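Down below is the structure, laid out as structure tokens.
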């Protein structure tokens, strides 16, 4: 198993059809003890129990630094170490540039970008003590191509910020054995698109993708397992595209 005896934290991991839950499930299959972090209304403890009795679900708000620190302290108390962090929590909003309010901007950037910073800050002391760790940040193809199918420009900005933040942190912490990488998913068939795209529109989009289909949560989960494992031990600061060829660059 690729992640035997590792402890992995996944933010925004409770949604059963989401990238985070798929990643947590696959990491558990690969031998990791997983910790599902999410808001209270998402019921992270229940999500963790669906994965298996050895796993943990904790309430955490990634936009609140004290909440992030408290969650990490609870994990260290229960499990003793943290080897992997997946910064998956994020929200989107399908609006145009002139429609973005200050509150909209703050809300979208706080979850994706501030949340990535706060959670990474929270786990870094434990990883530094181990002189080892893997942080995986979920960005988006919209950060690369200048907009996506659903997210507005502030979503693209947030996800582009994740790329820059992760690369800078990768350079800073590589000497201490901590690897920090990004994944840029294309359009993935999760709950985030439910009710927003009908089957006809999905088929039209699929025709523009070289691999001929929308992505699945499992596609991103597999990439996360790769970056979390020793298979990627010489990778840091990279951006791994998981988009079916939607953007080739």
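The values are calculated or read from the model by the stated rules, or taken from the named source; none is laboratory data. Given the structure is predicted, the values throughout are model-derived calculations rather than measurements. Cβ: placed from backbone, ideal geometry, glycine included. Neighbour counts: every protein chain shown.
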Whether any residue in the range 99-110 is crowded, with 22+ Cβ neighbours inside 10 Å and either at positive phi or within 18 Å of the chain's Cα centre (by Cα) (or both) is what I want to check. yes
Scanning the range 200-237 residue by residue, those in contact with a strand residue (DSSP E or B) (Cβ under 9 Å, 6 or more places away or on another chain) and in a helix (DSSP H, G or I) turn out to be 217, 219, 220, 222, 223, 224, 226, 227, 228, 232
Taking the range 95-130 as the region of interest, how many residues are in contact (Cβ under 8 Å) with a residue 24 or more places away in the chain, over 20 Å from residue 62 (Cα atoms) and assigned to a helix (DSSP H, G or I)? 4
Just one listed residue, out of 146, 133, is under 28 Å from residue 177 (Cα atoms) and either surrounded by fewer than 21 Cβ atoms within 10 Å (Cβ to Cβ) or free of Cβ contacts under 8 Å to residues at least 60 places away in the same chain (or both), and it is 133
Taking the range 235-247, which residues are surrounded by fewer than 21 Cβ atoms within 10 Å (Cβ to Cβ), at pLDDT 95 or above, over 15 Å from the mean Cα position of the chain (by Cα) and under 24 Å from residue 149 (Cβ atoms)? 245
Regarding residue 16, is this residue surrounded by fewer than 21 Cβ atoms within 10 Å (Cβ to Cβ), touching a residue at least 24 places away in the same chain (Cβ under 8 Å) and not in a helix (DSSP H, G or I)? yes
